[in-house]
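Trainee: The structure is given below, and queries will be raised subsequently.
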Amino acid sequence: MDYVVDFGVYDENREMKSSWFDSTKMMMFEGQEFSVPAEYDKWLREIYGDYMKLPPEEERVTHYNFKAYYKI
């Protein structure tokens, strides 16, 4: 079986089946249409687990380690 590797910035590297990315489909996201892997659900579950369920409030943290400033 062929795999692809996600060299994650915030997480460990993950191996996923390359067949998940063989075809794409169009999906709406925030009012715009994007091409996504046909097996996007398998991909997201591999990375995030139950990505449709919010974690407990005390476990909700940012994954960014920088501060942004707005200069007028």
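The values are calculated or read from the model by the stated rules, or taken from the named source; none is laboratory data. Predicted model only: the values in this text are computed from it and were never measured. Note: ideal-geometry Cβ built from the backbone for every residue, glycine included; neighbour counts use all protein chains shown.
Trainee: Can you pull out every residue in region 54-63 that is closer than 20 Å to Arg14 by Cβ and modelled with pLDDT of 85 or more?
Mentor: Listed by number, the list holds a single entry, Pro55.
Trainee: Among the residues in region 34-52, are any part of a loop (DSSP other than H, G, I, E, B), exposed (fewer than 10 other Cβ atoms within 10 Å of the Cβ), free of Cβ contacts under 8 Å to residues at least 24 places away in the same chain and within 15 Å of the chain's Cα centre (by Cα)?
Mentor: The answer is yes; a qualifying residue exists.
Trainee: Just the residues that are under 15 Å from Asp2 (Cβ atoms) and modelled with pLDDT of 80 or more, please, taken from region 14-28.
Mentor: Answer for region 14-28, where residues must be under 15 Å from Asp2 (Cβ atoms) and modelled with pLDDT of 80 or more: Lys17, Ser18, Ser19, Trp20, Phe21, Asp22, Ser23.
Trainee: Ok, one more. Does region 12-26 include one or more residues that are β-branched (Val, Ile, Thr) and more than 14 Å from the chain's Cα centre (by Cα)? Let's see the steps before the verdict.
Mentor: Restricting attention to region 12-26, the residues satisfying the condition of being β-branched (Val, Ile, Thr) are 24.
Now drop any that are not more than 14 Å from the chain's Cα centre (by Cα), which leaves 24.
Scanning region 12-26 turns up at least one residue that is β-branched (Val, Ile, Thr) and more than 14 Å from the chain's Cα centre (by Cα).
Trainee: Which residue pairs have Cβ atoms under 6 Å apart, sit 6 or more places apart or on different chains, and have a first residue in region 12-24 that is on the phi > 0 side of the Ramachandran plot and of a type in the set (Val, Ile, Thr) and a second that is at pLDDT 75 or above and exposed (fewer than 12 other Cβ atoms within 10 Å of the Cβ)?
Mentor: Close Cβ pairs satisfying both conditions: none exist.
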